[in-house]
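Right, one structure below, let's go through it.
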Amino acid sequence: MMNFVSRLLTRGKPAFSEARPADAAAIAAVHGASFQRGWGEDEVYRLLVGSNVVAHRATSSGKLIGFILSRLAAGEAEILSVAIAPGWRGRALARPLLDLHLRRLAGLGVRSVFLEVGEHNAPAGRLYRRAGFREVGRRQGYYERGATALVLRRDLG
């Protein structure tokens, strides 16, 4: 128990920055720990080297603890994935990561941002609604086991 408390107290303050192809393995690990069907390192790497992908990361003491990835097309962006490592959830990291990402997208001329979120994913739903996203559609049976995805949109300009 004391070792656990000691680790908590010595964790560095999270930093937020642009993700790079060298982060592919760490992003894949966080993604795999966060979703039923995780992305492989090669999938993440191909996204990160794409000219139409914008990615940011959260790190602590040099270790990747969260990320966000979007794909750009014709003045719009689709957030492909956002995840915080399990041991770091509930520490208010997703919002500053999302805010940084949205500012970068706006700076690139993106006018609208879209994403899908499971209708029963209450923490993510709260995050996106507080960040100004609004429901614009539903995709019945979109996720495994027939779960519905809410399609959310936020205009940036």
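A short reminder: the numbers here are calculations on the coordinates, not readings from a lab. Given the structure is predicted, the values throughout are model-derived calculations rather than measurements. Every residue, glycine as well, gets a Cβ built from its backbone with ideal geometry; the counts of neighbours run over all protein chains shown.
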Return the sequence-ordered ³J(HN,Hα) values of segment 96-109 in whole Hz as given by the Karplus equation 6.51 cos²θ - 1.76 cosθ + 1.60 applied to θ = phi - 60°, using x for Gly and Pro.
x, 5, 4, 4, 4, 4, 5, 5, 5, 4, 4, x, 8, x
Under a point-charge model restricted to the Cβ atoms of Lys and Arg (+1) and Asp and Glu (-1), what is the dipole moment magnitude of the chain relative to its Cα centre, in debye to the nearest 20?
580
More than 25 Å apart - percent of Cα-Cα pairs taken over the chain
30
Using the Karplus equation 6.51 cos²θ - 1.76 cosθ + 1.60 (θ = phi - 60°), what ³J(HN,Hα) coupling, rounded to whole Hz, does each residue of segment 131-139 give in order, writing x for Gly and Pro?
8, x, 7, 10, 5, 10, x, 9, 10
